[in-house]
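Report on the following structure.
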Amino acid sequence: MAENSMTEGTIIVYPKHWLAVFLLVGLIATGVIVSTFVLYSAVTELSSKVKSMELAVNRLSDDINKIKDLHLSPSLAYFNVSFTEIYEKTINGVVMITGLAQGVLTEEVGLGSGFVVKYDSSHYIVTNYHVVKDAHGLAVTFFNGESYPAKIVGVDPYSDLAVVNCTAPSRLYSPLNVTFSSTLRVGDLVIAIGNPFGLAGTMTTGVVSQLGRTITSEFTGGYAIANIIQTSAPINPGNSGGPLLNARGEVVGMNTAIVIESQGVGFAVPSNTILRELPYLIETGGYDMHPWLGLKGVDLDYYIAKAAGLNITYGWLIQEVVPGGPSYNAGLRGGTTTVSVTGREIKIGGDLIISIDNYPVKNNDDIARILEEYTYPGKVVNLTVVRDNQLRVIQVTLGKRPPPS
């Protein structure tokens, strides 16, 4: 019988250095597994945090946009106030202005509205120029019925603005906060307070119907009152000079005019104009910084464009260039041929203005708004015009508008 055959219980013995190798490999494998697990857990946790951060940023962005929308288009709900609260907050700053004017046979009493502002530690009352024009014996009546004689401090017929003061004691002055009308958007809530038909302290409400309108009056010498706010808030004779308020109770305009026999079509001078001119009216008695092109023109429409042979249907068609004026000196051209268009006599052949300093011009409203908001006498502007159906850019140095004739 052979004695050297191996049995089932045979044990293989490895050298000691191989045991060390196996142990090292095991430790490395265990480390790799543990490290991989830890790294995976960390990456998963980091990914979760990034996603949470992304959600937070998105929510914050949405909140910021909502706040912007609420700020630019304020509502009563946002400010948690009521019409009653706005009225009670502001009515003490609204006054009635009366004056005597010569009627056909006897002197007549004219009336309007105004509101109190504070400038350089003194109180003044802002109203419309047409409220105090040609009037004497001016008087201001405050919220409690007390009346005091008043005098004119400064006027600007071109913006239908006037500033008056009176001898009332300081306890009667409740100045209103005047903010920038440039924050307004079509559809914003607005509130008008004034004295229509002598009905003191009347409040009406509406919305901003449109911005950047122009209106004209007999005392502006044919020039447009620029950048007017159109509102649906009911405005009647006697409202002139009263404040147009936003949902915060801040002044964003001054009620100034209506379209006769219309409903829901009222106009207000923007507060930007008031803020710009107030220092001049108080300190110098007037405002002579209205820029002037020295042109007469007409809004282009489809029928005029067709008659003039133009290939566009918007802009402001120059009819006449004032001799010696800024546009005359710059070489702009007026109309050369008179034609009848939809019952109107129109001069064609002149330059067509379509932009000023890259601000688009569709009509006279745009020209008046751009000049008042973005320019000043002495500024050089680039007028883009269509001449012979080709675009040209002409530089014009703006002048000062002549005083009303």
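Throughout, read-outs are computed from the coordinates displayed, never taken from laboratory work. Keep in mind that what you see is a predicted model, and the values were worked out from it rather than measured. We place every Cβ from the backbone using ideal geometry, glycine too, and count neighbours over all the protein chains shown.
Residue ranges 329-336, 271-278 sort as 271-278, 329-336 when ordered by packing (mean number of other C-beta atoms within 10 Å per residue, highest first). Compared with the alpha-carbon gap, the fully stretched path from T167 to D134 is longer by 9.8 nm at 0.36 nm per residue. For the range 291-400, the Cβ-based charge dipole about the Cα centre amounts to some 220 debye (Lys, Arg positive; Asp, Glu negative; other atoms uncharged). Here W316, W292 are placed in order of increasing Cβ neighbour count within 10 Å, fewest first, which gives W292, W316.
Once you've got the Cα coordinates, tell me which of K118/K151; K89/K133; K296/K400 are over 24 Å apart. Those over the limit are K89/K133.
Multiply the residue gap between F219 and V339 by 0.36 nm, knock off their C-alpha separation, and tell me the result in nm, one decimal place.
Values: separation 120, 0.36 × 120 = 43.20 nm, distance 3.00 nm.
Full extension of this stretch gives 40.2 nm more.
Modelled spin labels at M289 and T84, positioned 7 Å past Cα toward Cβ, are 4.4 nm from each other. Applying D = kT/(6 pi eta Rh) to the range 181-275, where Rh is the Kirkwood radius over alpha-carbon pairs, T corresponds to 4 °C and eta to 1.567 mPa s, the Stokes-Einstein value obtained is 99 µm²/s. Ordered by the number of other Cβ atoms lying within 10 Å of each residue's own Cβ, fewest first, M96, M203, M254, M289 fall into the sequence M289, M203, M96, M254.
Quick check on the exposure proxy: order F197, F219, F142 from fewest to most C-beta atoms within 10 angstrom. Don't skip to the end; give the middle numbers.
Working: F197 10, F219 14, F142 22.
By the 10 Å Cβ count, ascending, the order reads F197, F219, F142.
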